[in-house]
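First up is the structure itself, then whatever we jot down about it.
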Amino acid sequence: MTNPARRLPPNESAVTEPAALPDATPVTLNEDVLIDDARRLEMTWRDGGGLWGWLTTVDHKVIARRYIITAFLMFIAGGLEAGMMRMQLARPENTFLGPDRYNQIFTTHGTTMMFLFAVPIMTAMGLYFVPLMVGARSIAFPRLNAFGYYTYLMGVIFLYVSLFLNMAPDAGWTAYVPLSGPEYSPGHRVDVWAQLVTFTEIAALAAAVNIIVTTFKMRAPGMSLNRIPLFVWAQLVVAFMIIFAMPAVAIASTLQLASDRAIATHWFNPAEGGDALLWQHIFWFFGHPEVYIIFLPGLGFITPIVETFCRRRVFGYTAIVLSNITTGFFAFGLWVHHMFATPIPELGQSLFTAASMMIAIPTGVQIFCWLVTMFSGRPRLTTAMVLILGFFITFVNGGLTGVMLASVGFDKQVHDTFFVVAHLHYVLLGGAVTPLFAAFYFWFPKVTGRLMNETLGKWQAWLFIIGVNLTFFPMHILGLNGMPRRIYTYLSQTGWGPLNALVSAGAVIIVVSVTLFIVNAAMSWRSGLLAGANPWDSYGLEWATPSPAPSYNFLNTPVVLGRHPLWDTGSPLPVVTGLRTDRREVLVTTTFDAQPDHRHKHPTASIWPLIMALVMAELWIGSIFTPWAVLGGVGLTLLCMLGWGWQSTAETDVERVATEGRIVEAA
Amino acid sequence: MTTPSPTRQESLGSVRDLPTVTFGHRSLMWWGTLGFMTIEGWSLALIAAMYFYIRQNFLTWPPITIPLPSVTIPTINLVLMVASVVPAWLADRAARRLDVGAVKLWLLISTLMSLPIPILRWYELWSLNVRWDTNAYGSAAWLLVGSHATLLILDVADTVGLTLFYWFKRMPIKAMSDTSDNSFYWYFMVAIWLPVYLIVYVGPYVF
């Protein structure tokens, strides 16, 4: 492909004030000046030192790294719980876990994996890489970002403290009423679940707004909508889905379930006109899109990895973008297929069956696009690529059982059996966790500056693929043989023993694989091969800056001339200059065409996000024990808003204000 | 396909002369505000949907033993809310003119007009003539009005805080853009109240 003309996108919109951005001829920048700029930028953007600096940082990379590590620890915790369940179920009439403990463990496993691992780690990957991939100095709202992380962290601590206090939720991660209602679940276990969900939803919503605004307003000049990297497209669609899905569960858990339990509202109490099915509707209106919220980012990881290791530009960019968007829409029209065993009108059943089958189409389109890309190229089987192949096998399997479950007759037969457990794990481990591991191998050098060990990596990849299939494939058969989910033991006469033993053996392989990954990551972080800026010779803007990326991300804002910036432009890197180095400034561009619009003063470090998250924790955790905690919490929140606002309006710089068609300099 | 070294760069232009403070849809904060409006508006829409879902479980609405809601205080508050849009709009205009004096004046009038609203909201809740724990109708009506009240309190607090800052400390010029966004949020707060008012206070008289 010939290089496109190296110039800024023409300024067609009349929004920008006249003559603000003259059409300059390209100038090669002096390297000494650049090094000098780098030093000044580092002074301006770096965090303060010590514990205070650690607590007040708003660097999106630092926050996202903590997010990823915390969420990965949750993956390990959830995995250990799964291991305990497999130990219990390995043979009939086992006594390793009693029924009460087993209920807490499977509920905590599901809650951890869905709310504390899967969604947070996927949004955290976006919070780390979206600004780098769109060529921005930072994220749109860094303090909101830090607040989101700390809120999530409070949720993590809350659930695990509860587990050790024998107060962990035990009504399943779906917390169906009436089981989870005040009558059948006295005590505080379900309250823990209800409030924990709110912590993670607030965190996810904060991340979603950040990702949307960063993608819409902070892209590098020239990165018009039709040039946004597919990773970022996936994150953008997911962010929109979060905005429409998460409020449903936050309302259902905190405002309805918790208030039914604490202040005797009657949302789910049929005796007073409430409705138990209402819970299932709201929960799955969130819960089904949640699945796509988890694996669409996984699909987003795949394109750049496939392109890089096949040395091919992806086939069907537009088709993949449209598939993402279509999936996002369809995801909200399927929730009732979780409720086929309830009295749903027949017309509703048909509609939701059709919708559930239809959603396989856009995902299928994406898979065919990648297959064509791989066939037309010459794949290099790195660890990341091996995992992508594993994704194809595992995920397609999970997708197919999904289509089976869309049929009402079949669904009623296997409802609440291990068949469903097998299906959902195939989709989530195949569609989200396998690409996530691939993404770890691929972007690890960008985060740490060092490559992961490929030999260990390949062992891990193959063990993971084999382990997942060995663990979850036999579950289909167990389900068809009638083994219900969420039972703590079974009799030997059922004949489920041998397959359960096999499943537990598979789980051991997954444990070995994940252990290898942890060892590999720890060793490579210390002493892996140095990576340099672009170890895979990939094309995204994140590879145009040193590894790990400096605090200010980019020395100058890159200019994008095609969908594959580094492959399109070659060397030297085209940039725009002029952002100040003596204060934190980011470049804001127009929403559609990404033309430079204005410079925005970026917030500095702050303690308020942490304090605000602590206040929120007081409010939600306290409300379990007394409704008065809400009153105190609201008061403290108002004080925090004052403090936060005071800090935000402390500095009075001279600004160039664009208003009513003119520019005024004022302070 | 060579990777450019981070220090081999070619400048295609400079953004030095671009503005640093903008208003409306050009500014990041406007987009953030829009994001939270979407979340909050959608949440209220979901709660309204649940209100109608619960409606199906009753023969009459309100249920037979419950009196109709009183409309006097809700209507007074509605008029006050709609009227308070005027000073908010004037504060927005003043901010865009960078007229500090007018911003201070209209913010103060906004504050004075908006402070009674959350207080009236308390009586508005009791105008429902049902408690949240009486039956599911009560729970639904209280949640719909109450969740709007929560947002209302936060927004009024935001306006009060901004007014206090403008009167008692030196504000940076970029706060003009924040003032404009604060008004933008207030329009939304009033706009989403209209359907809630119709559903909860007028609806029971109609269906």
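Based on the convex hull around the alpha carbon atoms, the stretch A:358-496 presents an average projected area of 10.8 nm².
Taken along its three principal axes, the alpha carbon spread of chain A comes to 81, 61, 52 Å, from the longest extent down to the shortest. Restricting to Cα atoms and excluding each atom paired with itself, what does the Kirkwood estimate give for chain B in Å? It works out to 19.5 Å. Residue by residue, the stretch A:481-490 carries 3J(HN,Hα) couplings of 7, x, 6, x, 7, 6, 10, 8, 6, 8 Hz when phi is fed to the Karplus relation 6.51 cos²θ - 1.76 cosθ + 1.60 (θ = phi - 60°); x denotes Gly or Pro. Working note: 222 nm ellipticity from helices only, DSSP H runs with n ≥ 4, each -39,500 (n - 2.57), summed and divided by the residues of chain A, gives -20000 deg cm²/dmol to the nearest 500. Its convex hull of Cα atoms gives the stretch B:23-71 a direction-averaged projected area, equal to a quarter of the hull surface, of 5.3 nm². If you model the stretch A:174-290 as an ellipsoid using its alpha carbon gyration tensor, with each semi-axis the square root of five times an eigenvalue, the axes come out at 37, 13, 10 Å, biggest first. Between the stretch B:125-165 and the stretch A:556-595, the C-alpha centres lie 46 angstrom from each other. In the stretch A:511-612, Rg over Rh equals 1.08, where Rg is the alpha-carbon radius of gyration and Rh the Kirkwood radius from pairwise Cα distances.
What FRET efficiency comes out for the pair residue B:97/residue A:42, r = Cβ-Cβ distance, R0 = 35 Å, nearest 0.05? FRET efficiency, residue B:97 to residue A:42: 0.35. The radius of gyration of the Cα set in the stretch A:109-208, together with its Dmax, comes out at 15.9, 54 angstrom. Under a 5 Å amide H cut-off, with hydrogens placed 1.01 Å from N, residue A:139 pairs with A:60 among residues at least 5 apart or on other chains. Annotation: the residues B:187, A:102, B:137, sorted from fewest to most other C-beta atoms within 10 Å of their own C-beta, follow the order B:187, A:102, B:137. Residues A:310, A:369, ranked from the fewest to the most other C-beta atoms within 10 Å, line up as A:310, A:369. Residues whose amide H falls under 5 Å from that of residue A:655, counting only those 5 or more places apart or on a different chain, are A:666, A:667, with hydrogens built in the peptide plane. Evaluated on the stretch A:44-139, the Kirkwood hydrodynamic radius is 15.8 Å, with distances taken between all distinct Cα atoms.
Our summary gives the stretch A:478-583 a relative contact order of 16 percent, counting only alpha carbon pairs under 8 angstrom and 6 or more residues apart. Backbone amide hydrogens, once placed in the peptide plane, bring residue A:417 within less than 5 Å of A:485, excluding anything fewer than 5 places away on its chain. Across chain B, Cα pairs under 8 Å and at least six residues apart give a relative contact order of 32 percent. Across all directions, the shadow cast by the convex hull of the stretch A:379-436 built on its C-alpha atoms averages 4.0 square nanometres. Computed over Cα pairs, the Kirkwood radius of the stretch B:42-112 leads via Stokes-Einstein (1.306 mPa s, 10 °C) to a diffusion coefficient of 101 µm² per second. Each residue of the stretch A:596-607 is assigned a 3J(HN,Hα), and the resulting list reads x, 10, 7, 9, 10, 6, 9, x, 9, 4, 7, 8 Hz, derived from the Karplus form 6.51 cos²θ - 1.76 cosθ + 1.60 (θ = phi - 60°), x at Gly and Pro. Ranking of A:380, A:91, A:219 by neighbouring Cβ atoms within 10 Å, starting from the fewest: A:380, A:91, A:219. In the stretch A:307-378, Rg over Rh equals 1.19, where Rg is the alpha-carbon radius of gyration and Rh the Kirkwood radius from pairwise Cα distances.
How high is the relative contact order of chain A, given as a whole-number percent (alpha carbon pairs under 8 Å, six or more residues apart)? This gives 20 percent for chain A.
Per residue, the convex hull spanned by the Cα atoms of the stretch A:67-112 amounts to 55 cubic angstrom. In terms of its Cα atoms, the stretch A:270-359 spans 64, 23, 17 Å along the principal axes, sorted from long to short.
A straight Cα-to-Cα reach below 14 Å connects residue B:169 with the aspartates and glutamates A:651, residues fewer than 8 places away in its own chain not being considered. Per-residue 3J(HN,Hα) values for the stretch A:328-345, derived from phi via the Karplus relation 6.51 cos²θ - 1.76 cosθ + 1.60 with θ = phi - 60°, read x, 6, 4, 4, 8, x, 10, 4, 5, 5, 7, 10, 4, 8, 10, x, 10, x Hz in sequence order (x marks Gly and Pro). Each of residue A:634 and residue A:380 was given a label point 7 Å from its Cα along the Cα-to-Cβ line. The distance between the two points is 6.0 nm.
One way to sum up the overall shape of the stretch A:412-485 is the equivalent ellipsoid from its Cα gyration tensor, whose semi-axes run 34, 12, 6 Å, largest first. Shielding by partners for peptide A:647-653, expressed as the average number of C-beta atoms from other protein chains within 10 Å of each residue's C-beta, is 5.
Gyration tensor analysis over the Cα atoms of the stretch A:523-563 returns equivalent ellipsoid semi-axes of 23, 13, 6 Å (largest first, whole Å). Peptide A:256-267 is shielded by partner chain Cβ atoms: per residue, an average of 4 of them sit within 10 Å of its Cβ. List the residues of the stretch A:176-219 whose backbone N lies under 18 Å from a point placed 7 Å from the Cα of residue A:80 along the Cα-to-Cβ direction. Label zone hits: none. For the stretch B:147-207, the Kirkwood estimate of hydrodynamic radius, built from reciprocal distances between every pair of different alpha carbons, is 13.4 Å. Using the average count of surrounding beta-carbon atoms within 10 Å as a protection proxy, the listed peptides A:52-59, A:627-634, A:545-552 rank, highest first, as A:545-552, A:52-59, A:627-634.
Only the coordinates and a few stated rules stand behind these numbers; no lab work does. What you see is a predicted model, and the numbers here were worked out from it, not measured in a lab. Glycine gets a Cβ as well: all are built from the backbone with ideal geometry, and neighbour counts include every protein chain shown.
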